[in-house]
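The values are calculated or read from the model by the stated rules, or taken from the named source; none is laboratory data. Every value quoted in this text rests on a predicted model; they were computed, and no experiment measured them. Cβ placement follows ideal geometry from the backbone for every residue including glycine, while neighbour counts extend to all protein chains displayed. What goes into the accessible areas is simple: the full protein's heavy atoms, side chains included, and nothing from ligands, DNA or RNA. Shrake-Rupley method; radii C 1.70, N 1.55, O 1.52, S 1.80 Å.
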Amino acid sequence: MRIKWTSKALSDLVRLYEFLATKNKQAAAQTVQSLSAAPDRLLEQARIGEKLDEFDPREVRRIVIGRYEMRYEIQDAIIIVLRIWHTREDR
């Protein structure tokens, strides 16, 4: 398996960093590093996340990393990171 990031997911990382950096640049960098590394654990257990039935027949799942939600899709041997946001955001 391999990981692919959508442009929206990468934009989410930038948006989250910019928001957090206004308060604490070091914490912002650590948060983005943690979120960037999170999909690596999916390489061994891709289906560890909760399946989101509203996306059927696509296999879209979610995992929570600290206070952040990451949505991803499994397509054959590819894990596609779709979006990331803080759980307090109105989504």
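If you filter the range 69-91 down to residues that are not in a strand (DSSP E or B) and not β-branched (Val, Ile, Thr), you find that the one that is most open to solvent (accessible area, probe 1.4 Å) is Arg88.
Evaluate the range 49-68: report whether one residue or more is out of contact with any Phe, Trp or Tyr (no Cβ under 7 Å at 6 or more places or on another chain), assigned to a helix (DSSP H, G or I), over 19 Å from Lys8 (Cβ atoms) and free of Cβ contacts under 8 Å to residues at least 40 places away in the same chain. Checked against the condition, which is being out of contact with any Phe, Trp or Tyr (no Cβ under 7 Å at 6 or more places or on another chain), assigned to a helix (DSSP H, G or I), over 19 Å from Lys8 (Cβ atoms) and free of Cβ contacts under 8 Å to residues at least 40 places away in the same chain, the range 49-68 yields at least one hit. Close contacts from the range 2-28, counting a first residue that is in contact (Cβ under 8 Å) with a residue 60 or more places away in the chain and a second that is assigned to a helix (DSSP H, G or I) and surrounded by 15 or more Cβ atoms within 10 Å (Cβ to Cβ), with Cβ to Cβ under 6 Å and a gap of 6+ residues or different chains, come to Ile3/Pro39; Leu13/Val32.
Residue by residue, here is whether (1) under 14 Å from Glu69 (Cα atoms); (2) over 11 Å from the mean Cα position of the chain (by Cα); (3) modelled with pLDDT under 95 holds:
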{"position": "Met1", "(1), (2), (3)": "no, yes, yes"}
{"position": "Ala9", "(1), (2), (3)": "yes, no, no"}
{"position": "Asp12", "(1), (2), (3)": "yes, no, no"}
{"position": "Leu16", "(1), (2), (3)": "yes, yes, no"}
{"position": "Pro39", "(1), (2), (3)": "yes, no, no"}
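Inside the range 1-49, residues that are under 15 Å from His86 (Cβ atoms) and of a type in the set (A, V, I, L, M, F, W, C) make up a count of 12. Looking only at residues in the range 1-41 that are of a type in the set (S, T, N, Q) and assigned to a helix (DSSP H, G or I), the one that is surrounded by the fewest Cβ atoms within 10 Å (Cβ to Cβ) is Ser7. Being open to solvent by 70 Å² or more (accessible area, probe 1.4 Å) and at pLDDT below 95 is not true of Glu50.
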